[in-house]
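Trainee: Structure below; questions to follow.
The values are calculated or read from the model by the stated rules, or taken from the named source; none is laboratory data. Owing to the predicted nature of the structure, the values given are computational and were not obtained by experimental measurement. Note that we place each Cβ from the backbone using ideal geometry, even for glycine, and neighbour counts take in every protein chain shown. We work out accessible area using only protein heavy atoms, side chains counted, and drop any ligands, DNA or RNA first. Shrake-Rupley method; radii C 1.70, N 1.55, O 1.52, S 1.80 Å.
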Amino acid sequence: MKYLLHSQETERILFRKIELSDFNDWLVFHENPITSKYWIAELKNPETECKNWYTKQFHRYQNNLGGMNALIEKQSGKLIGHCGLLVQNVDNTTELEIAYSLLPKFWNKGFATEAAKKCRDFAFKNNFSDSIISIISVTNKPSESVAIKNGMRIDKATTYNGNNVNIFRINKLEWRNIKLI
């Protein structure tokens, strides 16, 4: 579980492991059709989707494949979403990804960018990888904006899990240059 941001924080966000007690708060994400509008997948009912999501995260934790962190807004103490470092296989290459998903009521408030930057900095400071990616559907302009604010650029276009995606990337040298500015 080296990739988790145990007890890390930003100005507005606390990071912690996901807990089963978060289920009902995260179920709202799966109940809202807008949250899946950018990703092609065979969607089941919201409760099944949420259970599958949690099962996948706990599998990642147990197998050192990274995993999402619960993002808790400091001001309210509420779960606002998830962000984390995930070990992914993209085009037969193992990559470290920064992934993020927020509850819609917390969109467009800078939380995703704040969390993604913390993950980026944590990964590079701990020498987890020489570069980090974000896998983003070509139709998901809001997530592209977060990646760009995180210092990433489009590295390539590919297909991932049946979706046309852009792979955004930042390498350690680019990150160091950002830190110098």
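Trainee: Among the listed residues PHE29, PHE15, PHE23, identify the single one that is open to solvent by 30 Å² or more (accessible area, probe 1.4 Å) and either farther than 23 Å from THR158 by Cβ or in a helix (DSSP H, G or I) (or both).
Mentor: Just a single option satisfies the conditions, and that option is PHE23.
Trainee: Okay, next question. Mind listing just one residue for me: the one in the range 138-154 that is over 13 Å from the mean Cα position of the chain (by Cα) and polar (S, T, N, Q) and, of those, farthest from LYS2 (Cα to Cα)?
Mentor: For the range 138-154, the residue satisfying everything is THR139.
Trainee: Determine whether the range 155-170 contains at least one residue that is closer than 20 Å to TYR3 by Cα and surrounded by fewer than 21 Cβ atoms within 10 Å (Cβ to Cβ).
Mentor: Yes, because at least one residue in the range 155-170 is closer than 20 Å to TYR3 by Cα and surrounded by fewer than 21 Cβ atoms within 10 Å (Cβ to Cβ).
Trainee: Here's another thing I want to ask about it. Kindly indicate the residue of the range 139-152 that is surrounded by 15 or more Cβ atoms within 10 Å (Cβ to Cβ), in contact with a helix residue (DSSP H, G or I) (Cβ under 9 Å, 6 or more places away or on another chain) and not hydroxyl-bearing (Ser, Thr, Tyr) and also nearest to PHE122 (Cα to Cα) among those meeting that condition.
Mentor: The extreme case among them is ASN150.
Trainee: Where the second residue is open to solvent by less than 60 Å² (accessible area, probe 1.4 Å) and in a strand (DSSP E or B) and the first is over 22 Å from ASP121 (Cα atoms) and small (Gly, Ala, Ser) and lies in the range 153-179, which pairs have Cβ atoms under 6 Å and are six or more apart or on separate chains?
Mentor: These pairs meet every condition: ALA157/ASN166.
Trainee: Please verify whether the range 123-136 includes one or more residues that are among the polar types (S, T, N, Q), surrounded by 17 or more Cβ atoms within 10 Å (Cβ to Cβ) and within 20 Å of LEU102 (Cα to Cα).
Mentor: There is at least one residue in the range 123-136 that is among the polar types (S, T, N, Q), surrounded by 17 or more Cβ atoms within 10 Å (Cβ to Cβ) and within 20 Å of LEU102 (Cα to Cα).
Trainee: Follow-up question, since we're still on this one. Going through PHE168, PHE122, PHE128 one at a time, which residue ends up being more than 30 Å from SER21 (Cα to Cα) and either within 15 Å of the chain's Cα centre (by Cα) or assigned to a loop (DSSP other than H, G, I, E, B) (or both)?
Mentor: On inspection, the qualifying residue turns out to be PHE168.
Trainee: Could you check, for the range 88-103, whether at least one of its residues is part of a strand (DSSP E or B), open to solvent by less than 10 Å² (accessible area, probe 1.4 Å), modelled with pLDDT of 95 or more and among the small types (Gly, Ala, Ser)?
Mentor: The answer is no, given that none of the residues of the range 88-103 is part of a strand (DSSP E or B), open to solvent by less than 10 Å² (accessible area, probe 1.4 Å), modelled with pLDDT of 95 or more and among the small types (Gly, Ala, Ser).
Trainee: Among the candidates LEU102, LEU85, LEU96, LEU71, which residue alone is touching a residue at least 24 places away in the same chain (Cβ under 8 Å), over 21 Å from ASN163 (Cα atoms) and touching a strand residue (DSSP E or B) at 6+ places or on another chain (Cβ under 8 Å)?
Mentor: After applying the criteria, what remains is LEU71.
Trainee: Quick one: which residue in LYS74, LYS78 is in contact with a Lys or Arg (Cβ under 7 Å, 6 or more places away or on another chain), surrounded by fewer than 22 Cβ atoms within 10 Å (Cβ to Cβ) and basic (Lys, Arg)?
Mentor: Exactly one residue qualifies, and that residue is LYS74.
Trainee: Give me the pairs: first residue in the range 51-67 and hydrophobic (A, V, I, L, M, F, W, C), second residue open to solvent by 90 Å² or more (accessible area, probe 1.4 Å) and assigned to a helix (DSSP H, G or I), beta-carbon distance under 8 Å, and six or more apart or on different chains, which are they?
Mentor: Every condition considered, the pairs that remain are LEU65/HIS59.
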